[in-house]
Every structure is written in structure tokens, then in C-alpha cells.
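Take a look at the structure set out below.
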Amino acid sequence: MFKQISVKELNSLLPHRDLILADVRDRESFICSHVPGAEHLSMDRLQQFCAQAKPSQSVVVYCYHGVTSQSVAQFLVEQGFDSVYSLEGGFEAWYAVSNKEQQSG
């Protein structure tokens with residue numbers, strides 16, 4: 001089963017870069033803004049992603065609000081991925097925390 005991960009937990013993992021950060025929002029939203037280091041993962045490319053990625057590598061999936069990413073995360077678990085996470089609150093939560101940190105920093 002996949003695990004939920006908070007924005008704070010994600011931010012602590014980002015410097016390690018031994019994970020795949022997958023943005024499952026629409027392409028236009030990804031182009032406008034995304035978590036640094038994320039790759040766009042469209043639904044029509046999901047099977048290709050599963051065939052090319054290493055199941056032993058950690059994967060963090062996010063969408064707009066953290067709902068769709070749960071379905072994708074569960075799918076990845078069913079495909080044999082070991083460490084799969086869904087970002088709680090999705091991109092909107094990450095964006096809110098990032099803006100708050102920038103304003104206070």
C-alpha cells in the first residue's frame with residue numbers, strides 16, 4: 001500500500017534526489033508551475049513509466065489536491081513499486097507552504 005506524505009516530509013526528501021517526483025496534473029498546469037525536479041506523468045504515459053522506472057526507486061505522486069494522486073499511487077503499488085507516496089494536499093498544499101516560506105524568509 002502507498003503512504004501519504006506531508007509537504008514538510010517531501011521537502012526533507014527533495015535534496016536526496018533518490019526519488020522520482022511525478023506530477024499527474026494536466027500538462028498546461030505542469031508547464032505553468034510544478035515542484036522543482038518533478039516530471040510530468042500523464043495518464044496515457046503511465047504504462048510506459050512503469051516499464052521504464054525501477055520498482056525499487058521511491059516515487060512521490062502529486063496532483064492538484066491529493067485525490068487523483070492516491071489512485072495513481074495505488075496503481076504503482078499494484079505494478080510492483082516498493083515505496084510509493086501520495087502528497088497530502090497535492091500541489092496546492094506544496095505551493096501554499098512554499099509561498100509562506102518565501103514570504104517569511
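Read the figures in this text as sums done on the coordinates, not as results from a lab. Since the model is a prediction, treat every value here as computed from it, not as a measurement. Methodologically, a virtual Cβ is constructed for each residue, glycine included, from the backbone with ideal geometry; neighbour enumeration extends over all protein chains shown.
Mind listing which trypsin sites (Lys or Arg not before Pro) in region 9-104 are in a DSSP loop and have 11 or fewer other Cβ atoms within 10 Å?
Details: sites: R17, R25, R27, R45, K100; in loops: R17, R25.
Here the sparse-neighbourhood loop sites are R17.
Once backbone amide H atoms are built at 1.01 Å from N, V61 has A22, Y85, S86, L87 as its partners under 5 Å, excluding neighbours fewer than 5 places away on the same chain. Phi angles across region 43-60 convert, under the Karplus curve 6.51 cos²θ - 1.76 cosθ + 1.60 with θ = phi - 60°, into 3J(HN,Hα) values of 4, 6, 9, 4, 5, 4, 4, 4, 6, 9, 7, 7, x, 7, 7, 5, 10, 10 Hz, Gly and Pro given as x. With the convex hull constructed from alpha-carbon coordinates only, region 3-104 shows a mean projected area of 6.0 nm² over all directions. Compute the acute angle (0 to 90°) between the alpha-carbon long axis of helix 90-104 and the principal axis of greatest extent of the alpha-carbon atoms of the chain; round to the nearest 10°. That helix lies at roughly 30 degrees to the long axis. Couplings 3J(HN,Hα) of region 3-9, computed from phi: 10, 7, 10, 7, 4, 4, 5 Hz, in residue order, whole Hz [Karplus 6.51 cos²θ - 1.76 cosθ + 1.60, θ = phi - 60°; x for Gly and Pro]. In the chain, the longest principal axis of the Cα atoms and the axis of helix 68-78 are about 40 degrees apart. Cut-off under 13 Å on the C-alpha distance; same-chain residues fewer than 8 positions from K3 excluded. Which aspartates and glutamates are left, in chain and number order? In chain and number order, the partners are D82, E88. Rounded to whole numbers, the Karplus 3J(HN,Hα) couplings from phi for region 31-39 are 5, 5, 5, 7, 5, x, x, 6, 10 Hz, using 6.51 cos²θ - 1.76 cosθ + 1.60 with θ = phi - 60°, and x at Gly and Pro.
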